[in-house]
Amino acid sequence: MNPGARLERTVGGVTFPTPVIICSGVWPFEPDLWDRKNLPGVGGICTKAVTARPRTGNEGHRVWETPCGVLNSIGLQNCGVDAFLDTHLPLISKSGVPFLVNVAMETEEEVVHTLGLLSNRKEEIPGVELNISCPNVSGGGMSWGMTPEGASQAVSIARRAWKGPLWVKLTPQMRDPHEVAKAAEASGADALVVANTWLGMAIDVERATPVFQRTFAGLSGPAVFPLALRLVWDVAGCVRIPVIGCGGITVPEDAIAMLQAGAQAVEIGAAIFRSLDAPETLCRGITDYLDRHGLDTVGSLSGMARSDARR
């Protein structure tokens, strides 16, 4: 077997050379950073969020480090779909790196407009990741993903406008993960990303005021890993479409645990801020595990810890 094929994964209609994907909001559109030779271990990249119109993002503090992670309140800052198509898509579509365009769920009219323009360039776009989980914006965002009804409506809207692979990024704030996940699946999602950031906050004790102008912000990093792992376990047990584990993955054991809980691939974010070598480190650790346990491919790990997957 080709050694590289051991880590290859096809998930939700998109094929990746490794199961380690850089999550949305992390990777800049710098040409050197999309050069395949500069991305060891990276299976794919989810772009920064794209919206119908340009967004300047939130004012005030946007990032605040915590002992075991980071809080962020970026607010979906981006250049808008027109500038994305003109400036960024030509770069990333020629890079040879598998990618998904992260599309923020706004109003129905706005997301239909965005996806319609992306559909006109669908030959250049492997897939879309629909973000129904951003906690740092007013209107749209996380509000769509809180209930089965909202998730169903959002995914149905997107499915009608976009015919290619469609991943849906869920929020950990959803009230009933099982029902939200099943609603997204029934409405046309090809895969589920579990999950976005947890709501948290920070206070500047010298000024006696919340750090963020929106008070609450999204928490990521090692602190949320056990919570994300539990959500992956729950969601993977109730849907038939692939699940991508996301949240606090830092070391190879984290990625392996996500896969064994039922994920088909993983997304990482905060780990990149600590080390650009994180994807390569994770892949090396996964390969070492396969060798130690006499397993041929990374697919052998998916669901291994579940009783319904044990032989």
| Scope segment 34-68; condition touching a Ser or Thr at 6+ places or on another chain (Cβ under 6 Å), buried (at least 24 other Cβ atoms within 10 Å of the Cβ) and farther than 17 Å from SER133 by Cα; matching residues | GLY43
| task | State which residue pairs qualify: first residue in contact (Cβ under 8 Å) with a residue 60 or more places away in the chain and under 25 Å from LYS37 (Cβ atoms) and inside segment 277-295, second residue among the acidic types (Asp, Glu) and part of a loop (DSSP other than H, G, I, E, B) in any location, beta carbons under 9 Å apart, and separation of 6 or more residues or different chains. | result | LEU290/ASP296
| request: Mind telling me which of the residues LEU290, LEU259 ends up being touching an Asp or Glu at 6+ places or on another chain (Cβ under 8 Å), of a type in the set (A, V, I, L, M) and part of a helix (DSSP H, G or I)? | output: LEU290
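Each row is one residue, and each column tells you yes or no for (1) out of contact with any Gly (no Cβ under 9 Å at 6 or more places or on another chain); (2) crowded, with 22+ Cβ neighbours inside 10 Å.
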{"residue": "VAL155", "(1), (2)": "no, yes"}
{"residue": "ALA161", "(1), (2)": "no, no"}
{"residue": "ARG175", "(1), (2)": "yes, no"}
{"residue": "ALA184", "(1), (2)": "no, yes"}
{"residue": "GLY188", "(1), (2)": "yes, no"}
{"residue": "ASP204", "(1), (2)": "yes, no"}
| message | Would you confirm whether or not segment 146-153 contains a residue that is in a loop (DSSP other than H, G, I, E, B) and in contact (Cβ under 8 Å) with a residue 60 or more places away in the chain? | response | no
| said: I'd like to verify a number: residues in segment 66-84 that are outside any loop (DSSP other than H, G, I, E, B) and over 22 Å from LYS169 (Cα atoms), how many? | reply: 3
| task | Search segment 206-222 for residues being surrounded by fewer than 21 Cβ atoms within 10 Å (Cβ to Cβ) and of a type outside the set (D, E, K, R), and hand back the single one that is nearest to ALA161 (Cα to Cα). | result | PHE216
| remark: Within segment 168-227, residues being in a strand (DSSP E or B), over 24 Å from GLU253 (Cβ atoms) and of a type in the set (A, V, I, L, M, F, W, C) number 6
| query | Can we say ALA83 is surrounded by 15 or more Cβ atoms within 10 Å (Cβ to Cβ) and either touching a Pro at 6+ places or on another chain (Cβ under 8 Å) or free of Cβ contacts under 8 Å to residues at least 60 places away in the same chain (or both)? | reply | no
| field | Near pairs, Cβ below 9 angstrom, 6+ apart or cross-chain, from segment 103-114 (buried (at least 24 other Cβ atoms within 10 Å of the Cβ)) to any residue that is acidic (Asp, Glu) and not in a strand (DSSP E or B) | value | ALA104/GLU110; THR114/GLU106
| note | A careful count of residues in segment 265-276 that are more than 22 Å from LYS169 (Cα to Cα) and in contact (Cβ under 8 Å) with a residue 24 or more places away in the chain gives 1
| task | State all residues of segment 287-311 that are hydrophobic (A, V, I, L, M, F, W, C), modelled with pLDDT of 95 or more, within 22 Å of ALA195 (Cβ to Cβ) and out of contact with any Leu (no Cβ under 7 Å at 6 or more places or on another chain); if no residue qualifies, say none. | result | MET304, ALA305
| note | Restricted to segment 268-288 and to residues being over 14 Å from VAL70 (Cβ atoms) and among the hydrophobic types (A, V, I, L, M, F, W, C), the residue surrounded by the fewest Cβ atoms within 10 Å (Cβ to Cβ) is LEU276
| Inside segment 17-33, can you point out the residues that are hydrophobic (A, V, I, L, M, F, W, C), crowded, with 22+ Cβ neighbours inside 10 Å and either more than 23 Å from ILE132 (Cβ to Cβ) or more than 18 Å from the chain's Cα centre (by Cα) (or both)? | VAL20
| field | Within segment 109-143, tally of residues that are modelled with pLDDT under 95 and outside any loop (DSSP other than H, G, I, E, B) | value | 3
| If you check ASP277 against the conditions, is it within 20 Å of PRO17 (Cβ to Cβ) and charged (D, E, K, R)? | yes
| Residue satisfying condition, being under 26 Å from GLU280 (Cβ atoms) and hydrophobic (A, V, I, L, M, F, W, C), within set VAL14, VAL81, VAL50 | VAL14
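The values are calculated or read from the model by the stated rules, or taken from the named source; none is laboratory data. Because the structure is a prediction, the values reported are computed rather than measured. Note: ideal-geometry Cβ built from the backbone for every residue, glycine included; neighbour counts use all protein chains shown.
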